Amino acid sequence: MNLGIAGKRAAVAAASQGLGKATAAALAAEGARVAICGRSRERIEAAAAGIPGAVPLVVDVGTEQGGAEFVRAARDALGGVDILVANGGGPPPGTFASTDLAQYRVAIEQNCLAVIAMCTEAVPAMQQAGWGRILAITSIAVRQPIGALILSNTARAGLTGFLKTLAREVADDGVTVNSIQPGSHDTERIRALRGDNPAGNERIGDPADFGKIAAFLCSEPAKFLTGAGVHVDGGAYAALQ
């Protein structure tokens, strides 16, 4: 299938490894011009070296300021941003009993407000152009909260509400807004958490496959798909809806 995004300008946040990097690679394989960011210059430049034409940017997108800065830097590097893939690391684990109020503020900025800041920078130009794609990589936890991840469950659920609202507001402008909700994939983070047997007793996904699904959500054929939360989890989510 021709995704119709050759020559489009894509900004992919937090793409030095894992699902962000896989998404950037899939977009580049479809002919998109890609800018990627990470906190470490060494790691983001190494990631860019493996993605044809990718522009590496050193930005921490864990804050409102960093989120906005990334979109501005990508716009400067590419001459504009047609596709924004909002991504970022998750907050630390914790339960209600072990988590204090200050940690919620940090998590909400990291996994909600930073993405809102990215959208604030990117969406108006997309509306003016009459074409744009916003895709946020969140988590299956927004559908089925994960135990001992109360910060992530809370912040990403708030972001999901924002994305759904934004999608309805900009649909007539040719801009789609969706989220992609991963379950467990064979990434560096999962291996760090689980060791040499990341799958354990569950199915675990290939990041390259995830990237291709993400690229489709950013495509021209997906122009009528907006306001959706697509769970890519190998069937881990158990509810009917």
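The values are calculated or read from the model by the stated rules, or taken from the named source; none is laboratory data. Everything numeric in this text was worked out from a predicted model, so none of it was measured. Cβ sites come from the backbone with ideal geometry, for glycine too, and all protein chains shown count toward neighbours.
Could you grab the pairs with beta carbons closer than 7 Å, sequence gap of 6+ or different chains, first residue in region 100-112 and under 17 Å from residue 139 (Cβ atoms), second one in a helix (DSSP H, G or I) and basic (Lys, Arg)?
Listed by first residue and then by second, the contacts come to 111/156.
Which one of the conditions (1) crowded, with 24+ Cβ neighbours inside 10 Å; (2) of a type outside the set (S, T, N, Q); (3) under 24 Å from residue 109 (Cα atoms) does residue 58 fail to meet, given that it meets all the rest?
Exception for residue 58: condition (1).
Can you list residue pairs whose Cβ atoms sit under 9 Å apart, with the first residue in region 170-188 being farther than 26 Å from residue 238 by Cα and of a type outside the set (D, E, K, R) and the second being at pLDDT below 95 and surrounded by fewer than 21 Cβ atoms within 10 Å (Cβ to Cβ)? Count only pairs 6 or more apart in sequence or on different chains.
none
Out of curiosity, is residue 89 touching a residue at least 24 places away in the same chain (Cβ under 8 Å), part of a loop (DSSP other than H, G, I, E, B) and more than 29 Å from residue 106 (Cβ to Cβ)?
For residue 89, the condition - touching a residue at least 24 places away in the same chain (Cβ under 8 Å), part of a loop (DSSP other than H, G, I, E, B) and more than 29 Å from residue 106 (Cβ to Cβ) - is not met.
Would it be correct to say that residue 140 is under 25 Å from residue 21 (Cα atoms) and in contact with a Phe, Trp or Tyr (Cβ under 8 Å, 6 or more places away or on another chain)?
yes
Count, please, the residues in region 102-149 that happen to be of a type in the set (Gly, Ala, Ser), crowded, with 16+ Cβ neighbours inside 10 Å and within 26 Å of residue 216 (Cα to Cα).
Count: 7.
Considering 10, 25, which residue is modelled with pLDDT of 95 or more, part of a strand (DSSP E or B) and farther than 27 Å from residue 106 by Cβ?
10
Any residue at all in region 153-169 that's of a type outside the set (Lys, Arg), in contact (Cβ under 8 Å) with a residue 12 or more places away in the chain, more than 25 Å from residue 63 (Cβ to Cβ) and surrounded by fewer than 20 Cβ atoms within 10 Å (Cβ to Cβ)?
Among the residues of region 153-169, not one is of a type outside the set (Lys, Arg), in contact (Cβ under 8 Å) with a residue 12 or more places away in the chain, more than 25 Å from residue 63 (Cβ to Cβ) and surrounded by fewer than 20 Cβ atoms within 10 Å (Cβ to Cβ), which makes the answer no.
How many residues are of a type in the set (Gly, Ala, Ser) and within 20 Å of residue 122 (Cα to Cα) if we restrict to region 5-52?
13
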